[in-house]
Each structure stands twice: as structure tokens, then as C-alpha cells.
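Undergrad: Before anything else, here's the structure in question.
The values are calculated or read from the model by the stated rules, or taken from the named source; none is laboratory data. Worth saying up front: this structure is predicted, and the values here are computed from it rather than measured. Because the Cβ atoms are built from the backbone with ideal geometry, glycine has one as well, and the counts that use them run over all protein chains shown.
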Amino acid sequence: MSENYVPSSKFGKWFNDRLPLLTLSKHLTDYPTPKNLNYWWTFGGILTFCLISQIITGIVLGMHYVAHADMAFNSIEHIMRDVNYGWLIRYIHSNGASMFFLAVYIHIFRSLFYGSYKSPREIIWILGMLIYLLMMATAFMGYVLPWGQMSFWGATVITNLFSAIPLVGESITNWLWGGFAVDNPTLTRFFSLHYLFPFLILGLVVLHIWALHVPGNNNPVGIDIKKPSKDTVPFHPYITIKDLFALLVFMIIFSGFIFFAPNILGHSDNYIEANPLVTPKHIVPEWYLLPFYAILRSVPDKLGGVILLFASIFILIALPWLDSSKVRSAIFRPVYKIFFWILVIDVLALGYVGAMPAEGLYLLVARVATIYYFAHFLIILPILSRIEKTEPVPLSITEPVLGGMPKTEMIRSDKKNV
Amino acid sequence: MDKPEKKNNRRDFLFTASYTIGAVGLGATIWPLIDQMNPDSSVKALSTTEVDISQIQPGKSITVLWRGKPVFIKRRTSEEISEAQSVSLDELPHPEKDQDRAKKPEWLVMLGICTHLGCVPLSDKGEYNGWFCPCHGSHYDTSGRIRKGPAPTNMEVPKYTFIDDNTIKIG
Amino acid sequence: MCNTQTKSRTIFLSLIFLLFAFNQAQSEEKIKPLEVDWTFKGITGKFDRASLQRGYQVYTEVCASCHSMNLLSYRNLGEKGGPEFSVDQVKAIAANFEVEDGPNDEGDMFTRPARPSDKFVSPYPNVQAATAANGGAYPPDMSVLVKARKGGSDYIYSVLMGYEEPPQGLELDDGVYYNKYMDGQKIKMSNPLSEGIVSYSDGTNATVSQMAKDVTTFLTWSAEPHLETRHKLGLKVIIFLIIFTILVYLSMRRLWSRIDSEK
């Protein structure tokens, strides 16, 4: 085991006794990983890539960007036009945010499907939710920096959420703005925090991985496995190469956006410089925040909408205790599986109506979907986890019981074994 | 025996190729991140400055900004010119003829930056009636050549042309 | 099992589809803009050099009297991937314009002929002056106009082509014109183009649609000056990634064959 690792070289031993970096790297390479992980498990690696890529391109952009209400818009265009490869770096950063969220949503739904948030992995899940919250804050503040129309009005709308708080609402918004409306002081503080938050995320990611390495990975079958054993492989090279392969496929899609449709996920109004006198016709957040936007708008009461918006995120933190089923993977939970897919459709529907005007049928759909969203977590899951009749769970990955096969590759390899 | 060896070769080839391609990709990715710090196209476009010199009296000099650096343009008096031209090259730490430094003897155009550590020297000072750098005591003569002190070379002459008698284009 | 996989794949694809659908769905509310087969469309798209040069002519002779382009410099006209005027042409173009410089040694501002490094000269000193001179409607800066409008190049072209007699019963205020493709069908700019308003130096017949096409091409370039480099680099990057992915895939198969075959 890596804990008792002794480096072979004399210097290595000397160094490792003082700072056990080599033990750590040995632990990371040897880390026993379930061998039946499917491609939904590669998004952890992909997300790490996204974070690093955003930090590097962000630092580069920070070298050229000017955080001032009069100059921000032009400095972005300066990056796009004059800075060597500036257009490339900026498009990587702006599309990178979208790719980051795409990956994080897959990662979260993976966890929901396979029950990765359940004991003993509650802390991993909570850390993940905190990361997600910080990501949303970071992305929101980053979107303000180009100081286009959507930046400005997005900032205005979101910061105004806090004005719903009784008594102190106005003081809080004024405090957030550093003035009586979104203006230069708001921009400069958003820039400062947008630069800071990714490093907080990085710190939480380290904790997230640390917490993961205590119980080890969940797996598609969702059972506890002995480590190391026939059921596991060393992280390197088996998982690293699989992660790399998935990352490369992800990068091909990413490159497609960067080089051939760099503005498709953005909004054209953001190429108009911020104007405090004119609001764009439709204010829409970036696509990854649309479901929450729909929840906000589905409530006719200002404070109620804000409360529901925040509740929709914080409810996820309580998830490990709302779902008390002992069986983790949805593969052995036939009813939960159905509700899982309904939830996916529900969230997609929320995202769709979030992009539409809040009227007529759209509003109705938004309300129904919002109610269902909360019902899923607060009513369906607690009841279902008590009454659902689950299917038999295999004893180990290598000796699955009937019907417990999560992955076609596994079927193939086992046929060979027979 | 034959078969596994072949397999092994193919594996080695695959792994080597993957590593190589990966290294190439990494290198290609790093270049834009380095190049973005080089002068950008708006900075490069400012590389020439035109200066009107019609108002400068003999013995006086002006300082203009070119690429963010000071450029001295001095209209030298005949004494200063003869002083600069009469010095024997053996006396100079960095031998350069005055004729090679000034296209027209009357006009001396040079970067006003001490070649020691980049300070701006003071004009009409020092032991050689030229420039004196207050930072670490370098003395330059009327041709901007280093005569005494820690500076290693003469002050640099930038690329310049006379557009007409009254206008110099630097860069 | 297999069923789950197919299902999840379908969901994943429909998610991506929805992302695109947002953009589509919103533009369908309006009248569909005219579609032009632009040379810069597609993954190998390039600008038509001659069209860019003509487009610049239309801009200076027609649009520039009201619309600024303050993100562009004259040097951009000579840069690769743009209209690619020669160095001397760019200098000559710049020299046509007077820019304010200074202060000089006496502390006064003065004007001098523009240099390639100068920004395009704006028709008005500031937004307020531009608004006042145009009946209260600010003629937007055109540097990134194509990216700032939903529908992009097609939309700009359509608006230029969309001037018509208003339908019966539609009352228009003074200084407001009917335009089929404009958002809301009302526009405060009178029809800027008319047959032969520009006489092209390369002899091309200056029809309205020709001018609209040329100036739209020019504006597309000005909004995205590195479009050609982007397309070229993108193709290289993606081909590289595909090769790398295949190699890694094969290596992975090789590595995992040990695990898959062990009992």
C-alpha cells in the first residue's frame, strides 16, 4: 500500500521523510478504482481540465482586460482584435464556461442516477454542491465583465434579487453595488471576486477529491467493494487513459464551439455596450442558469420567487438524508429510475421555459415543473426510498447476479471468462 | 514466440506515438499563451513617430517619446560637432565614429537611455559636456558615447530618416 | 442496461439539441430574414477580398456620414484576412482624414492627417451629438454590429433590402420608415442605398443588393477580423485532436485488454 511507500533513491527518501509528496503521488497512481466505471465517470477528470483551463485563460485575459465601466467593453474588443491570439484565448474562456457547466450537470446527474451522494459519500456531495454554488457565482460575475447590455442588465436583475429581503434589502443591494445602481464600483469588485473565486473552487476541489479517496469511488453497480481486489484497477494508467480519451472527445466538441460557433451560446445583445437607460427586450441569463431563472419567475411574489430560487439549490445539499434507500444505483431501483428520468426532463423543461417569455403556456409549464422539482426531492424521494422494492444487488463486480449488468463491455469480458 | 513480440512492438509504437503527439499538442497549446504577452498589433503600429524640428535652436535639444522611451534630438553647435569628431577612437571604451552616429552632423538623434541600467541621463552635464547619468555616474560626450562610468556601450541610435529639412521620422 | 444507455444518450442529445433550439425558436417569432450564401459561411469560409474593398467604399461613402466604427484603425484595412489594401493604399486612405492630436508644446490641440495607427474618425464627437443630429435616434457604432444583432450578417443584409411601402392602414410618424425585416418593422434610418449611389472603383455594377452584400461582408469582417485565421486554425486543431483521440483510444484498448482478459 502507498501509505508504507519508501522511495528507492536516497534523495527521494530524504525528501519524502520531510515532505511526503512522493507518497502522495504514489497514492494517486495506485489508488484502487472500480474497474467497471463507465464513461459517465470521466467527467470528474474533464471538470478538472475545465477548471485549470478557465484559470489559465482567465489569468491571461486579466493581463489585457481593464476593469472600468468606460473601458471594459473596448478592452475586450482590444483583446479580440489586437492581442496576439487574444480572440482564441477569449473564446476558450467564454465557451469554456458553458462547457464547464455542461460537464458539471452531467457529473451531478451521474451522481443522482448511481446514488453517489449516499453514505459514506455525503461530504463529497456537499463539497460538490458548494463548488457548484461558487461556479454559478463566478460565472455570473464573469459574464458582467465584458460590460455589454446583457452583462449590465443581468447584473441588475440578479443583484436586485437581494432587494426582496425585508427591511435590509435596499441596504444590501446598495452595499453590493457600491452605489445606487450597477456601475463602475460594481464592475471592479466583480472583477476582483471573479479572479478570487476560481481559487476557492480549486481548494474545494482538492477537498472533494480528498473526501473521495477515503471511501473510494462509487461504481455503476453501487456496491461497496474491497480495495484493492479483483474488482479494482490502479488509477494510473487504466483510469487516466480512459479519462484522457473521454477528455479528448470532449475537447473536439469544445473546439467545434470555439472555432466554428464561438458566439452561439452567448447573446448578441452583449456586443452592445452597457447602457443604463435602455433595457434589452428579453433578458435571459446564460443557458446554464435558465432552470433557476424559470423557478424564480414562476412565483408571482418577489420574495417568494427569491426564496424558491435559493431553496431549489440548497435542497440538494439535504439530498443524502431525503433519500434513505440503502441501494445506491438506480440500476436496482426500477421505480426510482423512472423518477430520475422524469426529473431530467423536468429540469430540461425548466431550462426551456426559462429562455421563453414568462407568459401564457410557458408560465404554466414553469409552475408545474417547479412544483414537480420540489415534489421530487421533498415528497417522492423520501416515500419512495421507504417503499420501493429493489432488485437483488450483486455481491461483487466480478460476480454479478442476474440482471445486474451495468455495462456492455462488462458483458463482453465476462463472456470471455465463461 | 513470434506473435507476442509483434504485439509488443505494436504496443510500443502506439504508446510512443501517443506520447509524441501529446507532447506536440501541449507545445502548440502553450505558444498562444506565451505569444499573447508579446507586443500586440496596436502597439506595433505605433512604431513610427514624426517630429517637427524646425523650432529647435542650436545647442538646444528636445526629448520625444517613441515606443514608450525618450528620444533625444539635439541640434549641436559647431564646437560640439568638432569636439565629437576630433576624439581619437583609441580613447573610447566603445569606439564609434561620430559620422556613423549622426546622419547630419548638426542633428544627433539617440535613445535617451543610459546603457547601464536604463535611467534617463541629464543633458549638458558631466565631464565631457554631453550627458551624465545620475543613477550610477556614467559620463557621455557630445556624440552620446560613453566615456567614463559603468555603462558598457554608447547610447543607442534608433532608426530614423529625414523626411525633409524640418521633419524627422523615428522608427 | 442497454436500454438505459440508449435512453441516456437520447436525453444527452436532446439537451444539446435544445441549446440550439433556443436560438432558433426566438428568431422564428419575426419574419425570417433573407438568406445569403456568404463566402465566409461554413468551416472553410473566407471573405471575398474584392467585396470587402467595395464594402469599405460603401461604408465610407454612404454609412460613415452617420455611423462611427470606433473600434477599427486604418491599419486594419491592410491586415491579413481583411480587405488587404496595400500599405501605400492604407496610408493614402488614412491621410484623407483629419484627426485631432496634441497637446503640442504650446499646450494647444491641433489637427493632422491620420496615420494608419489612428482609429477610424467618427462623424460626431459623442453619442449625444450623434443622437441630436439624427432626430433622437443614435446611429449605432458599426464595429461589432453584425455580432450585436440576432441573425448576424443575414439580418443586416435583410434590413438594407427591407425598405418597402408601408402596408395600408399603418401610420408612420415623421422620420420613421417601414422596414419589413427590422425588429418591429419600424426604422428611423431612411433607405440608405439606391442604385448607383456609389460608383465602384473596380467597375462592379452598383445595384442595391450588390452594395448591401458588399457592405455586410465588410461589417462581418469588422465584427470578427480574425474569422479566417479562426477557421484555418480550427480545422488544424480538430484534425489533430481526432488523430490524437484515435491513438489514445487504441492505446487504451491495448492497456485494458489485460484487465478484460484476466479472470
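Undergrad: Looking only at residues in the stretch A:252-270 that are outside any loop (DSSP other than H, G, I, E, B) and under 13 Å from A:S94 (Cα atoms), which one is nearest to the other protein chains (Cβ to nearest Cβ)? Steps first, answer last, please.
TA: Residues of the stretch A:252-270 outside any loop (DSSP other than H, G, I, E, B): A:252-260, A:268-270.
Checking the rest, the ones that are also under 13 Å from A:S94 (Cα atoms) come to A:254-255, A:257-259, A:270.
Details: A:F254: 9, A:S255: 5, A:F257: 10, A:I258: 7, A:F259: 2, A:N270: 8 Å.
The selected residue is A:F259.
Undergrad: Determine, yes or no, whether A:A355 is under 24 Å from the mean Cα position of the chain (by Cα), closer than 28 Å to A:E286 by Cα and modelled with pLDDT under 95. Don't jump to the end; show me each part of the working.
TA: Numbers: under 24 Å from the mean Cα position of the chain (by Cα): yes; closer than 28 Å to A:E286 by Cα: yes; modelled with pLDDT under 95: yes.
When the stated conditions are applied, A:A355 passes them.
Undergrad: A:S229 passes all but one of (1) in contact with a Pro (Cβ under 9 Å, 6 or more places away or on another chain); (2) among the hydroxyl-bearing types (S, T, Y); (3) at pLDDT 95 or above; which number fails?
TA: Condition (3) is where A:S229 drops out.
Undergrad: If you take just the helices (runs of 4 or more DSSP H) that sit entirely in the stretch A:1-84, which of them hold at least 2 residues that are in contact with a strand residue (DSSP E or B) (Cβ under 9 Å, 6 or more places away or on another chain)?
TA: On the way: elements: A:10-18, A:21-30, A:43-64, A:72-81.
Per the criteria, A:21-30, A:72-81.
Residues are listed down the side, and each one gets a yes or a no for (1) of a type in the set (A, V, I, L, M); (2) within 24 Å of B:G22 (Cβ to Cβ):
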residue	(1), (2)
C:V208	yes, no
C:F218	no, no
C:A223	yes, no
C:L227	yes, no
C:I239	yes, yes
C:V248	yes, yes
C:M252	yes, yes
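Undergrad: Of (1) part of a strand (DSSP E or B); (2) at pLDDT below 90, B:D90 satisfies all except one. Which?
TA: Checking B:D90 against (1) part of a strand (DSSP E or B); (2) at pLDDT below 90, the one that fails is (1).
Undergrad: Just one of the numbered conditions (1) in contact (Cβ under 8 Å) with a residue 24 or more places away in the chain; (2) surrounded by 14 or more Cβ atoms within 10 Å (Cβ to Cβ); (3) farther than 30 Å from A:P262 by Cβ; (4) not charged (D, E, K, R) is not true of C:Y178; which one?
TA: Failing condition for C:Y178: (1).
Undergrad: Out of (1) in contact (Cβ under 8 Å) with a residue 12 or more places away in the chain; (2) polar (S, T, N, Q); (3) not in a helix (DSSP H, G or I), the odd one out for B:Q85 is which?
TA: Unmet condition: (3).
Undergrad: Within the stretch A:265-290, can you find the residues that are hydrophobic (A, V, I, L, M, F, W, C) and either within 19 Å of C:R149 (Cβ to Cβ) or in contact with an Asp or Glu (Cβ under 9 Å, 6 or more places away or on another chain) (or both)? Give the steps one after another, and end with the answer.
TA: Step one: filter the stretch A:265-290 for residues hydrophobic (A, V, I, L, M, F, W, C), giving A:265, A:272, A:274, A:277-278, A:283-284, A:287, A:289-290.
Answer for the stretch A:265-290, where residues must be hydrophobic (A, V, I, L, M, F, W, C) and either within 19 Å of C:R149 (Cβ to Cβ) or in contact with an Asp or Glu (Cβ under 9 Å, 6 or more places away or on another chain) (or both): A:L265, A:I272, A:A274, A:V278, A:I283, A:V284.
Residues are listed down the side, and each one gets a yes or a no for (1) surrounded by 13 or more Cβ atoms within 10 Å (Cβ to Cβ); (2) over 30 Å from A:V221 (Cβ atoms); (3) in contact with a Leu (Cβ under 7 Å, 6 or more places away or on another chain); (4) at pLDDT below 95:
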site: A:M1; (1), (2), (3), (4): no, no, no, yes
site: A:S9; (1), (2), (3), (4): no, yes, no, yes
site: A:D17; (1), (2), (3), (4): no, yes, no, yes
site: A:S25; (1), (2), (3), (4): yes, no, no, yes
site: A:L28; (1), (2), (3), (4): yes, no, no, yes
site: A:K35; (1), (2), (3), (4): yes, no, no, yes
site: A:W40; (1), (2), (3), (4): yes, no, no, no
site: A:F43; (1), (2), (3), (4): yes, no, no, no
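Undergrad: Please go through the stretch C:143-178 and pick out each residue that is charged (D, E, K, R) and away from chain A (no Cβ under 14 Å).
TA: Here is the first cut: in the stretch C:143-178, the residues charged (D, E, K, R) are C:147, C:149-150, C:154, C:164-165, C:171, C:173-174.
If the condition is that a residue be charged (D, E, K, R) and away from chain A (no Cβ under 14 Å), then C:E164, C:E165, C:E171, C:D173, C:D174 are the ones that fit.
Undergrad: While we're looking at this one, here's another question. Suppose we keep only residues that are out of contact with any Lys or Arg (no Cβ under 9 Å at 6 or more places or on another chain) and buried (at least 21 other Cβ atoms within 10 Å of the Cβ) within the stretch A:66-76. Which one would you say is farthest from the other protein chains (Cβ to nearest Cβ)?
TA: Here the residue is A:A72.
Undergrad: Find the residue count for the stretch B:143-169, including only residues that are crowded, with 21+ Cβ neighbours inside 10 Å, part of a loop (DSSP other than H, G, I, E, B) and touching a strand residue (DSSP E or B) at 6+ places or on another chain (Cβ under 8 Å).
TA: Total satisfying the criteria: 5.
Undergrad: Out of all the residues in the stretch B:14-36, which are among the polar types (S, T, N, Q) and within 11 Å of chain A (Cβ to nearest Cβ)? Step through it out loud before you land on a result.
TA: Taking the stretch B:14-36 as the starting set, the residues that turn out to be among the polar types (S, T, N, Q) are B:16, B:18, B:20, B:29, B:36.
Scanning the stretch B:14-36 gives B:S18, B:T29, B:Q36.
Listed here are the residues, each with its yes/no results for (1) out of contact with any helix residue (DSSP H, G or I) (no Cβ under 9 Å at 6 or more places or on another chain); (2) within 12 Å of chain A (Cβ to nearest Cβ); (3) touching a residue at least 24 places away in the same chain (Cβ under 8 Å); (4) of a type outside the set (A, V, I, L, M).
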position	(1), (2), (3), (4)
C:E79	no, yes, yes, yes
C:G82	no, yes, yes, yes
C:Q89	no, no, no, yes
C:D105	yes, no, no, yes
C:S117	no, yes, yes, yes
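Undergrad: Just for the stretch A:94-113: of the residues that are hydroxyl-bearing (S, T, Y) and under 16 Å from A:I258 (Cα atoms), which one is surrounded by the fewest Cβ atoms within 10 Å (Cβ to Cβ)?
TA: Taking the stretch A:94-113 first, the residues hydroxyl-bearing (S, T, Y) are A:94, A:98, A:105, A:111.
Within this subset, residues satisfying the condition of being under 16 Å from A:I258 (Cα atoms) are A:94, A:98.
Numbers: A:S94: 23, A:S98: 20.
Here the answer is A:S98.
Undergrad: Continuing with this model, one more query. Just give me the residues in the stretch B:127-142 being assigned to a loop (DSSP other than H, G, I, E, B) and under 19 Å from B:Q85 (Cα atoms), in sequence order. Spell out the reasoning first.
TA: Within the stretch B:127-142, the subset assigned to a loop (DSSP other than H, G, I, E, B) is B:127-130, B:134-137, B:141-142.
If the condition is that a residue be assigned to a loop (DSSP other than H, G, I, E, B) and under 19 Å from B:Q85 (Cα atoms), then B:E127, B:Y128, B:N129, B:G130, B:D141, B:T142 are the ones that fit.
Undergrad: If you take the residues of the stretch A:232-251 that are assigned to a helix (DSSP H, G or I) and more than 7 Å from chain C (Cβ to nearest Cβ), which of them is nearest to A:I52 (Cα to Cα)?
TA: So in the stretch A:232-251, the residues assigned to a helix (DSSP H, G or I) come out as A:235-251.
Next cut, more than 7 Å from chain C (Cβ to nearest Cβ) only: A:235-236, A:239-240, A:243, A:246-247, A:250.
Details: A:F235: 20, A:H236: 20, A:I239: 19, A:T240: 17, A:D243: 15, A:A246: 17, A:L247: 13, A:F250: 15 Å.
Result: A:L247.
Undergrad: Next up: Can you report the number of residues in the stretch C:65-77 which are more than 8 Å from every other protein chain (Cβ to nearest Cβ), assigned to a helix (DSSP H, G or I) and touching a helix residue (DSSP H, G or I) at 6+ places or on another chain (Cβ under 8 Å)?
TA: 2
Undergrad: Of the residues in the stretch C:203-226, how many are within 14 Å of chain A (Cβ to nearest Cβ) and in contact with a helix residue (DSSP H, G or I) (Cβ under 7 Å, 6 or more places away or on another chain)? Write out each step before concluding.
TA: First pass over the stretch C:203-226, keeping only residues within 14 Å of chain A (Cβ to nearest Cβ): C:219-226.
Now drop any that are not in contact with a helix residue (DSSP H, G or I) (Cβ under 7 Å, 6 or more places away or on another chain), which leaves C:219-221, C:225-226.
The total comes to 5.
Undergrad: A further question follows. Could you count how many residues in the stretch A:77-104 are at the interface with another protein chain (Cβ under 7 Å from one of its Cβ atoms) and among the basic types (K, R)?
TA: So the answer is 1.
Undergrad: Let me ask something else. Only one of B:V51, B:V109, B:V71 is under 23 Å from the mean Cα position of the chain (by Cα) and at pLDDT below 90. Can you tell me which? It would help to see each step written out before you state the result.
TA: Details: B:V109 fails: at pLDDT below 90; B:V71 fails: at pLDDT below 90.
Unique residue meeting the criteria: B:V51.
Undergrad: Would you be able to tell me the number of residues in the stretch B:41-65 that are closer than 19 Å to B:P121 by Cβ, within 13 Å of chain C (Cβ to nearest Cβ) and either in a loop (DSSP other than H, G, I, E, B) or touching a residue at least 24 places away in the same chain (Cβ under 8 Å) (or both)?
TA: Number of matching residues: 4.
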